[in-house]
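Working notes for the structure below.
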Amino acid sequence: MAIQNIGVVGAGQMGAGIAQVAAMTGFLVHVVDVNASALEKGRAMVASSLQRFQKKGELSEQDVAQILERMSWSESLKDLLATQFVIEAVPENESLKKKILSELNIVLAPDVVIASNTSSISIARLGKASGRSERFIGMHFMNPVPRMKLVEIIRSLATSDQTYQMTAELAQKMGKTTTLSKDYPGFVANRILMPMINEAFFALMEGVASPTDIDMTMKLGTNQPMGPLQLADFIGLDTCLAIMEVLHSELGDGKYRPCPLLRQYVDAGWVGKKVLQGVYRYEAENN
Ligand code: NAD
């Protein structure tokens, strides 16, 4: 059965972006978040992103109206009953994800595939919590979803071939290129990216250079579109810390120890661009 209805759980920067891209590529999408203000924020993010596409001439006013019509939003998981494929994008916290997955298992028909957008957590363990290990998979979109081409797909030992094929096809229909990773902590993208970001925080903590010099050195010196500290602000320092903790505890190697300065930023609530304060300060209108 061809997929037409997609559900997304979590209306944060990733969930809203995934829902937007699904609607832009013709799917009907229902987004669920735990509270009304998060839904409102997600909706506003989508509206301003679509406006930018329109300003660049990549979408017409009518296109934008039709995309928004394909999207619906609510606070109840029960509203996902009609969806054929659900993507979970709640914060990078294993116990929270497991709780939501077990609730989804009760709401959704048994043949519905659930994909997690987790950055690092075991797909096998999350799959178990979803009550449908064969129909559970990692679908790791990159941020910002409307602009980034890649979806990293992660199969656990239990994920079926059919689930993998269906997920890869869906990602392609959403205009993405896919890679395949085994179910290892951090998969490929964050196994390699996060230690670099963590090291940038160590360099900052040890006073090796200022934030702008660290970022400029890496940007111009290694040909990256943005420096590691700015990228961490865009990802969310809470998410970066959560991923480092998974790498550290599950790979068991001291080289993955989260930088204490990264932890201090998170403890202070300075978790990056989404709250307008991370390593750098941001203006609301640029958000
Ligand atoms: P975020 O903090 O921006 O958004 C998370 C959303 O989940 C919030 O809107 C929150 O209200 C909602 N939420 C919390 N509890 C919920 C519940 N019980 N039910 C429904 N919604 C709930 O986080 P994000 O950056 O969008 O990250 C989400 C996931 O995507 C994480 O697993 C993260 O690791 C992963 N990810 C993040 C990035 C990135 O660059 N930020 C990239 C790839 C993957």
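The values are calculated or read from the model by the stated rules, or taken from the named source; none is laboratory data. A quick note: this is a predicted structure, and the numbers were derived from the prediction, not measured. Please note: Cβ atoms are built from the backbone with ideal geometry, for glycine as well, and neighbour counts cover all protein chains shown.
Looking only at residues of the stretch 113-133 that are within 13 Å of the ligand (Cβ to nearest atom) and not in a helix (DSSP H, G or I), we find that the one that is nearest to residue 183 (Cα to Cα) is 122.
Residues are listed down the side, and each one gets a yes or a no for (1) within 17 Å of residue 14 (Cα to Cα); (2) modelled with pLDDT under 95:
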{"position": "38", "(1), (2)": "yes, no"}
{"position": "49", "(1), (2)": "yes, no"}
{"position": "52", "(1), (2)": "no, no"}
{"position": "67", "(1), (2)": "no, no"}
{"position": "71", "(1), (2)": "yes, no"}
{"position": "82", "(1), (2)": "no, yes"}
{"position": "90", "(1), (2)": "yes, no"}
{"position": "98", "(1), (2)": "no, no"}
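The rows are residues; the columns are (1) in a loop (DSSP other than H, G, I, E, B); (2) within 18 Å of the chain's Cα centre (by Cα); (3) surrounded by 20 or more Cβ atoms within 10 Å (Cβ to Cβ).
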| position | (1), (2), (3) |
| --- | --- |
| 153 | no, yes, yes |
| 158 | yes, no, no |
| 168 | no, yes, no |
| 187 | yes, yes, yes |
| 190 | no, yes, yes |
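If only residues of the stretch 170-185 that are aliphatic (A, V, I, L, M) and buried (at least 18 other Cβ atoms within 10 Å of the Cβ) are counted, the one that is nearest to residue 247 (Cα to Cα) is 171. Suppose we keep only residues that are surrounded by 23 or more Cβ atoms within 10 Å (Cβ to Cβ) and farther than 17 Å from residue 239 by Cβ within the stretch 105-128. Which one would you say is farthest from the chain's Cα centre (by Cα)? Applying the filter and picking the extreme gives 108. Looking at 36, 89, 23, just one residue is in contact (Cβ under 8 Å) with a residue 12 or more places away in the chain, loosely packed, with under 13 Cβ neighbours inside 10 Å and within 26 Å of residue 273 (Cα to Cα), and that residue is 36. Of the residues 102, 49, the single one that is hydroxyl-bearing (Ser, Thr, Tyr), closer than 30 Å to residue 250 by Cβ and either free of Cβ contacts under 8 Å to residues at least 40 places away in the same chain or buried (at least 17 other Cβ atoms within 10 Å of the Cβ) (or both) is 102.
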